[in-house]
4 protein chains.
Amino acid sequence: MDAVYVPLPNNLHVEWTLKALKAGKHVLCEKPIAMQASDFDALEAGAKEAGKLCAEAYMIVHHPQFIRARELVRSGAIGKLVHVDTVFSYNNAGDVTNIRNKADMGGGGLRDIGVYTFGAARFVSGAEPVSVPYAKVRYGNGVDVFAQVAADFPEFTYSAIVSIRMQPRQEITFHGDKGLLRLTCPFNANLHDLAELVLENDGQRVVTERWPAANHYVLQVENFGASATTGAAYPCPLAFSRGTQVMMDMVFEAGGPA
Amino acid sequence: MDAVYVPLPNNLHVEWTLKALKAGKHVLCEKPIAMQASDFDALEAGAKEAGKLCAEAYMIVHHPQFIRARELVRSGAIGKLVHVDTVFSYNNAGDVTNIRNKADMGGGGLRDIGVYTFGAARFVSGAEPVSVPYAKVRYGNGVDVFAQVAADFPEFTYSAIVSIRMQPRQEITFHGDKGLLRLTCPFNANLHDLAELVLENDGQRVVTERWPAANHYVLQVENFGASATTGAAYPCPLAFSRGTQVMMDMVFEAGGPA
Amino acid sequence: MDAVYVPLPNNLHVEWTLKALKAGKHVLCEKPIAMQASDFDALEAGAKEAGKLCAEAYMIVHHPQFIRARELVRSGAIGKLVHVDTVFSYNNAGDVTNIRNKADMGGGGLRDIGVYTFGAARFVSGAEPVSVPYAKVRYGNGVDVFAQVAADFPEFTYSAIVSIRMQPRQEITFHGDKGLLRLTCPFNANLHDLAELVLENDGQRVVTERWPAANHYVLQVENFGASATTGAAYPCPLAFSRGTQVMMDMVFEAGGPA
Amino acid sequence: MDAVYVPLPNNLHVEWTLKALKAGKHVLCEKPIAMQASDFDALEAGAKEAGKLCAEAYMIVHHPQFIRARELVRSGAIGKLVHVDTVFSYNNAGDVTNIRNKADMGGGGLRDIGVYTFGAARFVSGAEPVSVPYAKVRYGNGVDVFAQVAADFPEFTYSAIVSIRMQPRQEITFHGDKGLLRLTCPFNANLHDLAELVLENDGQRVVTERWPAANHYVLQVENFGASATTGAAYPCPLAFSRGTQVMMDMVFEAGGPA
């Protein structure tokens, strides 16, 4: 198997992913693989033409906690899903040379970590946002440093806080009419904190599931290798990644100009 | 000390509080003491005329966790406060005769429990909302059963979910640029869960403070009694309660008609 | 129903319980109801003669957490029970006039709180200790202030630490070959801490059960009243309390003279 | 730097460590490096003669949680240390070919994991056991599969449960007259669970310290390399390892023959 991992700045992802595909490589490219949803037309065409696997390195969906969350939410473990709320933040204010603080390299919090708050809700629910009725996006050095987002999905509502100017924090809660499912460390499992899935749907019992030994980076590479060599369906296809980018485009649009 | 506790339906609070004041009683009235901010003119006038203490039974600010949270946030323990997010929900869908499901008695989730999510942010920060740029309010039986709120305070932003059609949940987080302060059970301390204040402002240390023996209802009555008999300042004066109602009026306005 | 609650110093329990029974009262007496196991002969005879309910106020077995622990352990939820370990401590070194620091009033840590560590293991397992092969008991002011105990039950072993000269702590764990059941606050539920029952018997899932609204003192009085008036079996009969005293006598014997 | 890591069965540790030293290598040997305390005479002589670093691969003392625990306990953060209790267990009953279930290869739970429960108490307190007044050791297939241990240190007491036939569990608590220090996952940090150090020494505040990114195996190798190349003092010298073996010998002696 001949594969390339693209770790370049965000603004170079599409260009180099396409070049690598043309060179006959399978490509795993860091998130976000694109800068806007329309870029996916070229990526999908490039992958098809090359007959190679092309995917966004979006490790979180390879973690058993997300696979389990999806299973629980879709099977009705929390009743009807009413609202999803999520936060992802860290503070790199002191690191102005960081690529994430550079507008011309595709920096900013939404592309860096907001991508997880959007995709996580989509992955677990299987639904796509209908609209983003409210987004307050604040900019610093030309990159978005804070975003407060309200989105409407067909059957539930969504809130997110994404920031690269706040104390590190990460969580996502799927809040139903009859239950609650929380991931205590959804995005950097076992680095930021122990990743636990907590299910409350009974006044008395709380079920916590944990995978202390799971490493989503390892699982991602294993899954990528398996799909590239056997042709098995990859858990995070371009169609999924496009949906996250569609939502991000909606958020930027709702947030107004920098 | 001659005092009255008013536990009537919300729509009767103003009327009977005024009657009790006129009868020469100190009055402690269940929250929300009013139906709109303008009601406070009559309440304040009535209390002044009677020379009696008149207050809203808003027990949460008597709990040591809120006094401590206020002290920590204002002293800079989390750096600059950037965002407050809070949730309060329970599910009484099956209880249609409940007063909280009756529009003509001042029912609905915002008046019943939203009042805590608004006042808690105001009490801890000492600030007042400038605007409510977004509120999605859903109605059932004529009462609000779900609200998603985004508010702007002068120096921070605010998000809340308030619902009487969702799995029980309550939490509030004060999220700063250099720290995080959470109350794990802010509104029904030690009934819903153990009330803990958790402070993270160091990559390594988390400080948890707990008051398992504190009972905010008892503290409220003690404080009320002390203020009524000695004239000492009451921790939750009408001016504070009015501010919460002002915010609620803004939310209803932003949410649009039922 | 005519009943008496005996809250006297430990050394007076038997005498006044018998007097109250003779006066035709149902009697609920604070733990330990006796000073040695042989006292139970008189207590049982007295209750029988009076035709009244006589019981030790041993509130913990009325709490749903212990009823649930018993059910889980006996149903094999942790496989075969291999070992029980428990701790109960607080520090009253500074309070020398406290009755618990007075030898002639039946003071000492074992009678005050050791009684819970012994009875809890017996209640949940339904088994009685065969021997106490090791007990280190330290005395201060003539009362036991620290005890380290190793006991053998027919099918499992037992360790306890009981002290009135150490930082407050309370916990009990039932450790099986295939599972673990912990009570995080077994003895002063919701005063010392939130009482949670935590079951681990699967590498991945941890089930926590909680009863934040349960009050074992209230449940005890309700159960006592129900048994006294209807003749229903009382959850904590004298035969059970005698067994705890038998174990305490074994511990004092193994620990040697003061 | 020329170094050897000895991962052989326990009964071969001394022989091959000595051979490697003679061959001029620095040696890091898996725990327990010896089978009885007297073996350390040869090990220390061998290391001295070779002029090389020889140490037991005892990773836990390289973890910041143990360095911090030592600092806190010795600085009086829990008042006077009164008792240490610890548990380490897992269940390999179904794996009879496992080297840990083979007597002739130095198997058994005490050598495999008991070594951590003994050394952890010694490392943090800096004290050595005076006696082991009680040890119940049960054997299976000729190896110890369960041990309940009571030990006396000069100023505190000690209890341990060590088993390779019980549900996985690991914890250690340093219990003082004025405080409590717990390590929630002392021995397999971040594999078994998130490693947290919890300090309670105030009725209200609990301080938790965490090092989610620390890896004691990496730190061990770094420390070994640094000491081997620079001659800096190694955090876990043979003299320390000998003390743990002395305690183990006392436990086997107290426990009686297999």
Restricted to segment B:63-81 and to residues being hydrophobic (A, V, I, L, M, F, W, C) and part of a helix (DSSP H, G or I), the residue nearest to B:Gly176 (Cα to Cα) is B:Val73
Count of residues meeting criterion [touching a helix residue (DSSP H, G or I) at 6+ places or on another chain (Cβ under 6 Å) and open to solvent by less than 20 Å² (accessible area, probe 1.4 Å)] in segment B:210-233
2
Looking at B:Ala47, B:Ala42 in this structure, which one is in contact (Cβ under 8 Å) with a residue 24 or more places away in the chain and open to solvent by 30 Å² or more (accessible area, probe 1.4 Å)?
B:Ala42
Test A:Tyr139 against the criterion of being surrounded by fewer than 22 Cβ atoms within 10 Å (Cβ to Cβ), facing another protein chain (nearest Cβ under 8 Å) and in contact (Cβ under 8 Å) with a residue 40 or more places away in the chain, and give yes or no.
no
Restricting the first residue to segment D:73-99 and requiring it to be not assigned by TED's automatic domain parsing to the domain that holds D:Phe118 and of a type in the set (Ser, Thr, Tyr), which pairs with a second residue that is open to solvent by 20 Å² or more (accessible area, probe 1.4 Å) and not in a helix (DSSP H, G or I) meet a Cβ separation below 8 Å and a spacing of at least six or different chains?
none
Provide a single number: the residues in segment C:36-62 that are over 18 Å from C:Phe88 (Cβ atoms) and either assigned to a helix (DSSP H, G or I) or among the β-branched types (Val, Ile, Thr) (or both).
12
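Name the single residue, out of those in segment C:65-86 being surrounded by fewer than 18 Cβ atoms within 10 Å (Cβ to Cβ) and more than 14 Å from chain D (Cβ to nearest Cβ), that is farthest from C:Ala239 (Cα to Cα). Quick ask: steps written out before the conclusion?
Just the residues of segment C:65-86 that are surrounded by fewer than 18 Cβ atoms within 10 Å (Cβ to Cβ), to begin with: C:67, C:70-71, C:74-76, C:79-80.
Restricting the remaining residues to those that are more than 14 Å from chain D (Cβ to nearest Cβ) gives C:67, C:70-71, C:74-75.
Values: C:Ile67: 18, C:Arg70: 18, C:Glu71: 20, C:Arg74: 20, C:Ser75: 23 Å.
Across segment C:65-86, the extreme among qualifying residues is C:Ser75.
For the structure I just gave you, tell me whether A:Glu128 is within 14 Å of chain B (Cβ to nearest Cβ), touching a residue at least 40 places away in the same chain (Cβ under 8 Å) and surrounded by fewer than 20 Cβ atoms within 10 Å (Cβ to Cβ). Don't jump to the end; show me each part of the working.
Values: within 14 Å of chain B (Cβ to nearest Cβ): no; touching a residue at least 40 places away in the same chain (Cβ under 8 Å): yes; surrounded by fewer than 20 Cβ atoms within 10 Å (Cβ to Cβ): yes.
For A:Glu128, the condition - within 14 Å of chain B (Cβ to nearest Cβ), touching a residue at least 40 places away in the same chain (Cβ under 8 Å) and surrounded by fewer than 20 Cβ atoms within 10 Å (Cβ to Cβ) - is not met.
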Would it be correct to say that C:Val61 is at pLDDT 95 or above and under 23 Å from D:His83 (Cβ atoms)?
no
Qualifying positions in segment C:170-181 - crowded, with 20+ Cβ neighbours inside 10 Å and in a strand (DSSP E or B)
C:Gln170, C:Ile172, C:Thr173, C:Phe174, C:His175, C:Gly176, C:Leu180, C:Leu181
If you go through segment B:142-169 one residue at a time, how many are touching a helix residue (DSSP H, G or I) at 6+ places or on another chain (Cβ under 7 Å) and surrounded by fewer than 16 Cβ atoms within 10 Å (Cβ to Cβ)?
1
For segment B:129-149, indicate whether the set of residues that are among the polar types (S, T, N, Q), part of a helix (DSSP H, G or I) and in contact with a strand residue (DSSP E or B) (Cβ under 7 Å, 6 or more places away or on another chain) is non-empty.
no
Return the pair list, or none, for Cβ contacts closer than 7 Å from residues in segment C:162-178 that are more than 10 Å from chain D (Cβ to nearest Cβ) and touching a residue at least 12 places away in the same chain (Cβ under 8 Å) to residues that are among the hydroxyl-bearing types (Ser, Thr, Tyr) and open to solvent by 10 Å² or more (accessible area, probe 1.4 Å), at least 6 apart or on different chains.
C:Ile164/C:Tyr90
Subset of segment C:182-202 [out of contact with any strand residue (DSSP E or B) (no Cβ under 8 Å at 6 or more places or on another chain) and away from chain B (no Cβ under 11 Å)]
C:Asp202
The residue that is farthest from the other protein chains (Cβ to nearest Cβ), considering only those in segment B:203-220 that are touching a residue at least 40 places away in the same chain (Cβ under 8 Å) and in a helix (DSSP H, G or I), is B:Gln220
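The values are calculated or read from the model by the stated rules, or taken from the named source; none is laboratory data. Everything quoted here is computed from the prediction, not taken from an experiment. Because the Cβ atoms are built from the backbone with ideal geometry, glycine has one as well, and the counts that use them run over all protein chains shown. Heads up: the accessible areas ignore ligands, DNA and RNA and are worked out on the full protein's heavy atoms, side chains in. Shrake-Rupley method; radii C 1.70, N 1.55, O 1.52, S 1.80 Å.
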